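Undergrad: Structure in structure tokens, see below.
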Amino acid sequence: MQYGYFDDATQEYVIFRPDTPASWVNYLGTDQYCAIVSNNASGYGFHKSPKSGRMLRFRFNSVPTDRPGRYFYIKDRDDGDVWSVTWQPVAKPFSVRGKSVDGKAAGPQLAEYECRHAPGTSRFICRYKSIEAEARAFVPDGENAEVWSVTLRNQGKQEKTLDLFGYVEWCFWHIQQDAMNFQYILYTCRMGEVDGIIDYSLRLWPFEEPRAFFASTGKVESFDTDREVFLGNYRHEGQPVAVENGRCSNSLAVGGTPCGALHHVVKLAPGETKTITFIAGVGDARTEGQRLRSYYQSTDAVERELSKVKQYWQSRLSALSVSTPDPAVNSMGNVWNQVQCQTTFNWSRSASFNEAGGRDGLGFRDSCQDVLGVLHSIPELVRPRLVELLRAEHSFGAAMHHVQPLSWTQGQHNVTPPHFSDDHLWLLIAIPAYLRETGDYAFLDQRVEYADVGSGTVYEHLKMALEFSWNNRGPHGLCLGLAADWNDCLNLKGRGETIFSTFLFLRAINEFLELCDTLQRGDSDVAHFQAYKAELLDKIQEHGWDGQWFVRGYVDSGKKIGSAESHGSTIFLNAQSWAVLGEAAEPERLVAAMDAVHKHLATEHGAVLNAPSYIDHDAEVGAITTFPGGLKENGGIFCHANTWPVVAEAMLGRADEAFKLYRAFLPSAKNESADVYSMEPYAYAQFITGKDHPYKFGRARNSWLTGTATWAFVALSQYILGVRPDYNGLIVDPQVPSTWSEYQVTRRFRGATYRIEVVGSGKITQVLVDGEPLPVPSGGKKLHLPIAAPGSAVQVRILRGQTSR
Ligand code: GLC
């Protein structure tokens, strides 16, 4: 079943049926104030940190689901009827595109709802009886506030008098306290009202006084700041007693549960339209609140700020665009996959509808990977992020698993073993990618502090990361598993060894060697790390190959995991894909390993992470055995890990296989079966339930903040479409399905814009750059487009195979 569609022309995802199987959210704002907003306007808002800057409350994993939010209630004074601009919380019976949900023609008693999520803005429309109501939500550029501009239109023949109520629920700023410490938090607020603006004030030990406000344009008739008074006892957001009464009580909460409710009376002649703009923001009602309220008195201000938000996103999204024969690929590639990459770059894994925000800051490995998805559009913001991450690497090479740049200080206090076997190695994925994108080689010589003590150049940091892995190998010469590798739930402690980190280590060495080769530096380092590489390759062939695929590793007691002879799971996805990414064996083995992926792991919804799922608890294997089969890292279709086989197949030149794997878990390809998939068709989820689950196969969970976003974007743009930056030019290596006869990619690279048109299929036979032929590479070499002058536009036409065009 379908709940919405992609409107590519407006870059919106349009939800026409409000009872989506889960909350389908959007992120408004950038990296200062962020509002997470569902298709029913629920969600929370925070300033800088979702942990300690939580302004608007959301109740996670609660019933009714998806509460609270920013709600706009309308009461018709003629008949006392009450509804909300979004379907929830009042939940009127609704029709869908002119039909009732049972397919009959809809009557006027049914409301019709639409939500249009776009980059940085969400628009909600409700048509009910003769009133069309619309709420436009956004976070203005440079402001720590969310704006909800509500427009009411009278489309009937009679004059209407409507009560309009805007409502928000305040949070106690510190999320853990807010969720637990009720004996304290319920006795701290001192609510106020300043000239019709609600003032949210409280004093926190040790005497912080964070402030927020809720303001609205137009005359405030009445207000409430005490949730109990506004909603009424034993009621919920769907039936506030104040709305029913058509009036608030001007309650000023002193302690208790604070809210913000502002009541307006809107009189509308037939055909008339009126707008009231509500603003919830951080700061003092007397200053910030007044300032923003007066700014938004004119609806021009709303238009102006909305267009700034649009421009902001345009500047980011325009760095890369694609045009392919597959609309599901275009919608994701041009808009939503990129929006999600920017969002993970901003918020790492801290704030979503699943990540409740109790942990803010940056996941080390997560953020190292997140940079890959934004490098093409905001390289200037990537460099400082890389420095933040490098500062979380210890002088002995391991990394802090988690970094809090807002409160970071150097010192021994950062050294908290056990370390992870992969974290530090991701620096050797992120930094070479940054250098390839920008050519900013001087970065390698910048000195950066280590987390514990001392400092080193970026180049030295990279070497130390390699040394840490070398110094932490187990009895078979493979990397020790330590606390975990990329898979947080595979905990091969003690002498346990992981092939994933071993392959990643190999890839990291390859990256390092290529860097030295390109920049002609580090001669002695080259020989040193080549020796590491040779030894690793030997050990992998000896202890990593299982006959038909690669094993996943060894547990502390020496037993193999992910081997045909293993108890529980006999094959793991990452052990095959990363063999290719790490170039860990001869091509025949790599191909055999990928064949095993198709045979044993691939499904119509993507490849499961391991098969069969573990049934029994096994402490030596780790936390993955705590999940029922098919969920999360135990036989789930973990989407992040589904991107790597796509890259792997493209690297092996098996383009059709690559695309088949890519499309299997592509959210936009699930649009028509959204009732099964259940999460947003426009955002990747952390996992899709695997085939071993008894009844939820194909259902996605935990959307938005996942490394899937970045890697899916890399897999599509750099490996399938094949346009990827290199040290000495822009590679074009088409690995698209054989059924595609052409596609285009426009991409910014080192300040120039390349418009690349690829026609035909098969081997590249002709390359024209601005009409001039470029030699076609031979002998397995990749086509490199030369680096063009910054500011220039380069037209590239690539012909493949036998084509007459
Ligand atoms: C989550 C974590 C990530 C980890 C993955 C697999 O997505 O954020 O760090 O690699 O799960 O366990």
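Undergrad: When you scan region 287-371 for helices (runs of 4 or more DSSP H) that lie fully inside it, which ones turn up with 1 or more residues that are open to solvent by 50 Å² or more (accessible area, probe 1.4 Å), away from the ligand (no atom under 16 Å from the Cβ) and not polar (S, T, N, Q)? Break it down stepwise before answering.
TA: On the way: elements: 290-295, 299-317, 327-331, 337-347, 364-370.
It comes to 290-295, 299-317, 327-331.
Undergrad: Does His402 qualify as being within 16 Å of the ligand (Cβ to nearest atom) and over 24 Å from the mean Cα position of the chain (by Cα)? If you could, list the steps in order and put the result at the bottom.
TA: Working: within 16 Å of the ligand (Cβ to nearest atom): yes; over 24 Å from the mean Cα position of the chain (by Cα): no.
The answer is no for His402.
Undergrad: How many residues are among the polar types (S, T, N, Q) and either open to solvent by less than 70 Å² (accessible area, probe 1.4 Å) or within 17 Å of Leu435 (Cβ to Cβ) (or both) when one looks only at region 511-531?
TA: 2
Undergrad: Among the residues of region 670-686, is any surrounded by fewer than 21 Cβ atoms within 10 Å (Cβ to Cβ) and among the hydroxyl-bearing types (Ser, Thr, Tyr)?
TA: Within region 670-686, one or more residues are surrounded by fewer than 21 Cβ atoms within 10 Å (Cβ to Cβ) and among the hydroxyl-bearing types (Ser, Thr, Tyr).
Undergrad: When the residues of region 678-687 are narrowed to those that are closer than 17 Å to Leu661 by Cβ and not in a loop (DSSP other than H, G, I, E, B), which ends up nearest to the ligand (Cβ to nearest atom)? Spell out how you get there, then give the answer.
TA: Initial filter on region 678-687 (closer than 17 Å to Leu661 by Cβ): 684-685, 687.
In the following step, the residues that additionally are not in a loop (DSSP other than H, G, I, E, B) were identified as 685, 687.
Details: Ala685: 11, Phe687: 9 Å.
So, considering only residues that are closer than 17 Å to Leu661 by Cβ and not in a loop (DSSP other than H, G, I, E, B), the one nearest to the ligand (Cβ to nearest atom) is Phe687.
Undergrad: Do you know which residues across region 90-113 are open to solvent by less than 40 Å² (accessible area, probe 1.4 Å) and under 30 Å from Lys308 (Cα atoms)?
TA: Tyr113, the sole residue that qualifies.
Undergrad: Take region 619-634 and flag every residue that is in contact with a helix residue (DSSP H, G or I) (Cβ under 9 Å, 6 or more places away or on another chain) and crowded, with 17+ Cβ neighbours inside 10 Å.
TA: Correct list: Lys632, Glu633, Asn634.
Undergrad: Right, here's the next one. Identify all residues within region 373-384 that are closer than 16 Å to Gln342 by Cβ and either open to solvent by 20 Å² or more (accessible area, probe 1.4 Å) or within 10 Å of the ligand (Cβ to nearest atom) (or both); write none if there are none. Quick ask: steps written out before the conclusion?
TA: As a first pass, look at region 373-384 and keep what is closer than 16 Å to Gln342 by Cβ: 373-382, 384.
If the condition is that a residue be closer than 16 Å to Gln342 by Cβ and either open to solvent by 20 Å² or more (accessible area, probe 1.4 Å) or within 10 Å of the ligand (Cβ to nearest atom) (or both), then Pro379, Glu380, Leu381, Pro384 are the ones that fit.
Undergrad: Can you tell me which of Tyr13, Tyr27, Tyr5, Tyr73 is surrounded by fewer than 23 Cβ atoms within 10 Å (Cβ to Cβ), touching a residue at least 60 places away in the same chain (Cβ under 8 Å) and not in a loop (DSSP other than H, G, I, E, B)?
TA: Matching residue, one of Tyr13, Tyr27, Tyr5, Tyr73: Tyr5.
Undergrad: Also: Report those strands (runs of 3 or more DSSP E) wholly inside region 187-246 carrying at least 3 residues which are open to solvent by less than 10 Å² (accessible area, probe 1.4 Å) and of a type in the set (A, V, I, L, M, F, W, C).
TA: In region 187-246, 211-216 are the strands (runs of 3 or more DSSP E) which contain 3 or more residues that are open to solvent by less than 10 Å² (accessible area, probe 1.4 Å) and of a type in the set (A, V, I, L, M, F, W, C).
Undergrad: Next question. Give the number of residues within region 505-560 that are touching a Leu at 6+ places or on another chain (Cβ under 7 Å) and of a type in the set (Lys, Arg).
TA: Residues that pass the stated criteria total 3.
Undergrad: Kindly establish whether Leu492 is crowded, with 21+ Cβ neighbours inside 10 Å, out of contact with any Lys or Arg (no Cβ under 8 Å at 6 or more places or on another chain) and outside any helix (DSSP H, G or I).
TA: Against the criterion (crowded, with 21+ Cβ neighbours inside 10 Å, out of contact with any Lys or Arg (no Cβ under 8 Å at 6 or more places or on another chain) and outside any helix (DSSP H, G or I)), Leu492 qualifies.
Undergrad: Picking from Gly707, Gly690, which residue would you name as being within 16 Å of the ligand (Cβ to nearest atom), out of contact with any helix residue (DSSP H, G or I) (no Cβ under 8 Å at 6 or more places or on another chain) and open to solvent by less than 10 Å² (accessible area, probe 1.4 Å)?
TA: That would be Gly690, the only listed residue that is within 16 Å of the ligand (Cβ to nearest atom), out of contact with any helix residue (DSSP H, G or I) (no Cβ under 8 Å at 6 or more places or on another chain) and open to solvent by less than 10 Å² (accessible area, probe 1.4 Å).
Undergrad: Here's a follow-up. Which residues, taken from region 85-134, are polar (S, T, N, Q) and touching a helix residue (DSSP H, G or I) at 6+ places or on another chain (Cβ under 9 Å)? Walk me through it before giving the result.
TA: Taking region 85-134 and keeping what is polar (S, T, N, Q), we get 86, 88, 95, 100, 109, 121-122, 130.
Thr121, the sole residue that qualifies.
Undergrad: Ok, one more. If a residue has to be more than 10 Å from the ligand (Cβ to nearest atom) and part of a helix (DSSP H, G or I) to count, how many in region 631-652 make the cut?
TA: Count: 10.
Undergrad: Oh, and also: Does region 76-83 contain any residue that is assigned to a loop (DSSP other than H, G, I, E, B), open to solvent by 40 Å² or more (accessible area, probe 1.4 Å), touching an Asp or Glu at 6+ places or on another chain (Cβ under 9 Å) and not basic (Lys, Arg)?
TA: no
Undergrad: Could you pull out the residue among Arg54, Arg97 that is of a type outside the set (S, T, N, Q) and under 23 Å from the mean Cα position of the chain (by Cα)?
TA: Arg54
Undergrad: Touching a Ser or Thr at 6+ places or on another chain (Cβ under 7 Å), closer than 24 Å to Asn728 by Cα and at pLDDT 95 or above: which single residue out of Leu444, Leu536, Leu480, Leu515 fits that description?
TA: Of Leu444, Leu536, Leu480, Leu515, the one residue that is touching a Ser or Thr at 6+ places or on another chain (Cβ under 7 Å), closer than 24 Å to Asn728 by Cα and at pLDDT 95 or above is Leu444.
Undergrad: Here are Ile571, Ile499, Ile540: which of them is under 24 Å from His419 (Cα atoms) and within 31 Å of the chain's Cα centre (by Cα)?
TA: Ile499
Undergrad: Can you name the residue in region 618-630 that is among the small types (Gly, Ala, Ser) and either at pLDDT below 95 or out of contact with any Gly (no Cβ under 6 Å at 6 or more places or on another chain) (or both) and, of all such residues, is farthest from the ligand (Cβ to nearest atom)? Break it down stepwise before answering.
TA: Residues of region 618-630 that are among the small types (Gly, Ala, Ser), as a first pass: 619, 622-623, 629-630.
So of that shortlist, the ones also either at pLDDT below 95 or out of contact with any Gly (no Cβ under 6 Å at 6 or more places or on another chain) (or both) come out as 619, 622-623.
Numbers: Ala619: 18, Gly622: 10, Ala623: 9 Å.
Filtering region 618-630 for residues that are among the small types (Gly, Ala, Ser) and either at pLDDT below 95 or out of contact with any Gly (no Cβ under 6 Å at 6 or more places or on another chain) (or both), the one farthest from the ligand (Cβ to nearest atom) comes out as Ala619.
The values are calculated or read from the model by the stated rules, or taken from the named source; none is laboratory data. Nothing here was measured: the structure is a model prediction, and the numbers come from that model. Every residue, glycine as well, gets a Cβ built from its backbone with ideal geometry; the counts of neighbours run over all protein chains shown. Each accessible area value is taken on the protein alone, full model and side chains, heavy atoms only, with ligands, DNA and RNA left out. Shrake-Rupley method; radii C 1.70, N 1.55, O 1.52, S 1.80 Å.
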